[in-house]
Amino acid sequence: MKKKPIITSKEAVNLINDGDSVAVEGSGGGLVEPDALLKSLKDRYKETLTPKNLTLVHCTGIGDREGGGIGHLAQENLIKRVIAGNWAMAPKMGEMALDNKIEAYNFPQGVMAKMFREIAAGNPGLLSRVGKETFVDPDYQGGRLNEITTEELVEKYNWDGETYLFYKKFPLNVTFIRATTADEEGNLTIEEEGARLELLSMAQATHNNGGIVIAQVKRVVKSGTLQACKVIVPGIIVDYLVVHPEQKQTAEGIYNPSFSGNARISTNLLKPMNLNERKVVARRAYQELENNNIVNLGVGMPDGVARIAEEKGMLDKITLTIEQGLVGGIPAQGLIFGVSYNPDAMIDQPYQFDFYHGGGLDTTFLGFGEVDKKGNVNASKLGRLLTGTGGFVDISQNASKVIFCGTFSSGGLKVNIENGKVNINQEGKYKKFVNNVQQITFNGEYSQTNKQEVIYVTERAVFKATREGIMLMEIAPGIDLEKDILNHMEFKPLMPPEGIITMDARLFE
């Protein structure tokens with residue numbers, strides 16, 4: 001095999017032409033992010049005002065919420081269209097979408113990840129049940145996020161009496177991927193990375209589409225010195241190498257060998273949660289677990305469930321997973337959600353979603369922004385806050401049991417847990433239990449037809465979904481039903497015939 005050209009990041013971005021479709025690998029918090037290439041593309045545009053009118057494609061959020069990652073490319077006229085699974089890590093790009101400065105689509109993260117395999121195989125797109133009866137469904141918004149986005153990229157399709165969504169493929173001219181080591185022939189290994197994501201699928205799709213695959217790596221070694229069993233992407237589908245010795249494992253900057261499976265750390269080193277509303281929610285949500293459950297944890301408040309399981313010594317009784325392809329271990333919290341401490345396995349993200357889509361999950365814990373009287377959940381767009389669905393739709397529609405975790409209100413909520421009771425010192429400005437959600441990320445009525453068990457956990461109340469709507473099941477000690485719950489809901493929940501019970505007192509100790 002021929003040796004691959006080793007070029008600078010500046011030379012690499014000069015290969016992009018006006019109107020190209022550019023796919024970018026990576027996940028939030030700097031995970032597998034080709035940061036040098038993204039920054040160089042921004043610099044080229046600022047210096048030359050070229051290239052213009054790019055279509056940008058990425059599976060999940062890429063960035064640090066501070067202008068890194070995809071945020072580098074939030075430049076008017078540089079980007080014409082974005083097709084993304086998540087928007088939360090690059091707020092400036094989200095603002096451009098909300099202001100009608102770019103065409104903007106949001107499709108489920110798993111759909112996006114699996115789409116690259118379909119493109120690589122020469123198929124016209126992806127047929128899936130995922131997204132039905134949500135904002136992704138063409139009967140709702142078709143995944144379009146603003147008025148200037150008019151082209152339909154998803155349509156309904158009937159097969160053998162069942163309705164599916166058909167997601168149309170998109171062109172790929174250039175792809176930015178990242179690995180740890182390349183040999184001179186372009187074979188790539190990821191020994192210091194925290195996930196595999198869809199590195200192989202994205203590179204195959206771009207190569208087979210006649211596009212250019214550019215790999216950012218930390219180092220290049222002599223041909224023949226990499227073990228074949230560790231090569232994730234073969235050099236036959238890599239066109240150029242860009243060496244960036246300073247690339248970081250995550251945005252936190254410190255290499256952690258437990259993220260990449262090269263060492264196992266003591267979980268006693270992880271900081272325990274303080275007793276506050278987040279811990280109360282995590283504790284109550286944890287009570288829904290059963291031994292041997294295969295579990296997915298969402299970003300934000302749900303990730304506290306892992307800490308509770310670790311505190312109780314129950315990690316060996318359940319298996320925690322996250323959509324980036326990690327199986328086992330403890331998912332990291334905050335900005336670097338997407339890696340896990342001490343994972344048992346690291347698989348390609350599209351295969352993780354195969355498992356999720358096929359019903360492999362027993363339980364999932366997900367966050368919520370709004371819940372309405374029908375049990376619908378909005379977790380993707382709240383006013384000017386555009387986060388996107390990420391893996392939320394993929395996961396929530398296919399897990400047997402869904403537990404939504406969040407505070408009862410938002411915007412300045414101040415809660416004190418004292419003497420085994422919940423004290424609301426300051427109510428949040430915004431009600432989260434509303435008559436109608438702004439965007440349907442989870443359809444409560446559709447979930448009931450699929451016989452899912454659905455529970456909504458907050459620091460002061462627990463609800464469950466029924467065919468007639470959501471029902472209030474439990475309230476916390478110290479909470480007044482009328483003053484602290486009903487007065488802060490836009491609708492009155494159903495009441496259980498056997499009466500409301502008090503949440504377990506141990507949650508507040």
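Which members of region 123-182 meet the condition of being at positive phi, in a loop (DSSP other than H, G, I, E, B) and in contact (Cβ under 8 Å) with a residue 40 or more places away in the chain?
Filtering region 123-182 for residues at positive phi gives 125, 131, 133, 142-143, 160-161.
Checking which are in a loop (DSSP other than H, G, I, E, B) leaves us with 131, 133, 142-143, 160-161.
Across region 123-182, the qualifying residues are GLY131, GLU133.
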Checked pairs for region 195-213, first under 12 Å from MET115 (Cα atoms), second of a type in the set (Lys, Arg) and buried (at least 24 other Cβ atoms within 10 Å of the Cβ), C-beta under 9 Å and 6 or more apart or across chains, list as GLU198/LYS114; SER201/LYS114
Report yes if some residue within region 92-103 is assigned to a strand (DSSP E or B), surrounded by fewer than 24 Cβ atoms within 10 Å (Cβ to Cβ) and of a type in the set (Lys, Arg); otherwise report no. no
Residue hits (region 318-330; more than 13 Å from the chain's Cα centre (by Cα) and either at pLDDT below 95 or on the phi > 0 side of the Ramachandran plot (or both)) are GLY328, GLY329, ILE330
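Of the residues ALA88, ALA104, ALA113, only one is assigned by TED's automatic domain parsing to the domain that holds HIS72, in contact with a Gly (Cβ under 9 Å, 6 or more places away or on another chain), of a type in the set (Gly, Ala, Ser) and free of Cβ contacts under 8 Å to residues at least 60 places away in the same chain; which?
Working: ALA88 fails: free of Cβ contacts under 8 Å to residues at least 60 places away in the same chain; ALA113 fails: free of Cβ contacts under 8 Å to residues at least 60 places away in the same chain.
From the options ALA88, ALA104, ALA113, the qualifying one is ALA104.
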Could we say that GLY428 is in a loop (DSSP other than H, G, I, E, B), out of contact with any strand residue (DSSP E or B) (no Cβ under 9 Å at 6 or more places or on another chain), at pLDDT 95 or above and surrounded by fewer than 18 Cβ atoms within 10 Å (Cβ to Cβ) here? no
Checked pairs for region 285-300, first more than 12 Å from SER400 (Cα to Cα), second among the basic types (Lys, Arg) and surrounded by fewer than 18 Cβ atoms within 10 Å (Cβ to Cβ), C-beta under 8 Å and 6 or more apart or across chains, list as TYR286/LYS312; ASN291/LYS317; ASN292/LYS317
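Taking region 417-438 as the region of interest, how many residues are closer than 22 Å to ARG506 by Cβ and touching an Asp or Glu at 6+ places or on another chain (Cβ under 9 Å)? First the steps, then the outcome.
Step one: of region 417-438, the residues closer than 22 Å to ARG506 by Cβ are 417-424.
Still in the running and touching an Asp or Glu at 6+ places or on another chain (Cβ under 9 Å): 417, 420, 422, 424.
Qualifying residue count for the region: 4.
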Restricting region 378-424 to residues that are assigned to a strand (DSSP E or B) and charged (D, E, K, R), the one farthest from GLU445 (Cα to Cα) turns out to be GLU418
Exercise for review: Answer yes if at least one residue in region 252-265 is surrounded by fewer than 17 Cβ atoms within 10 Å (Cβ to Cβ), hydroxyl-bearing (Ser, Thr, Tyr), more than 30 Å from LYS414 (Cβ to Cβ) and within 23 Å of the chain's Cα centre (by Cα), and no otherwise.
Suggested key: yes
In the set LYS39, LYS80, LYS4, the lone residue that is basic (Lys, Arg) and more than 26 Å from the chain's Cα centre (by Cα) is LYS4
* Return a yes/no flag: does region 197-208 have any residue that is part of a loop (DSSP other than H, G, I, E, B) and under 27 Å from the mean Cα position of the chain (by Cα). => yes
LEU335 vs (1) aliphatic (A, V, I, L, M); (2) surrounded by 20 or more Cβ atoms within 10 Å (Cβ to Cβ); (3) at pLDDT below 95: all pass except (2)
If you go through GLU288, GLU310, the only one that is of a type outside the set (S, T, N, Q) and at pLDDT 95 or above is GLU288
Condition (residue is crowded, with 19+ Cβ neighbours inside 10 Å and under 26 Å from ASN416 (Cβ atoms)) applied to region 286-297: is it met by at least one residue? yes
Note on PRO245: of the conditions (1) in a loop (DSSP other than H, G, I, E, B); (2) closer than 16 Å to LEU366 by Cα, unmet is (2)
Restricting attention to region 464-493, the residues that are modelled with pLDDT under 95 and of a type in the set (A, V, I, L, M) number exactly 0
Of those in region 213-240 that are surrounded by 20 or more Cβ atoms within 10 Å (Cβ to Cβ) and either in contact with a Leu (Cβ under 7 Å, 6 or more places away or on another chain) or not assigned by TED's automatic domain parsing to the domain that holds THR60 (or both), the residue farthest from GLY125 (Cα to Cα) is VAL217
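The values are calculated or read from the model by the stated rules, or taken from the named source; none is laboratory data. Quick caveat, the model's predicted, so the values are computed rather than measured. Neighbour counts are summed over all protein chains in view; Cβ atoms, including those assigned to glycine, are modelled from backbone coordinates with ideal geometry.
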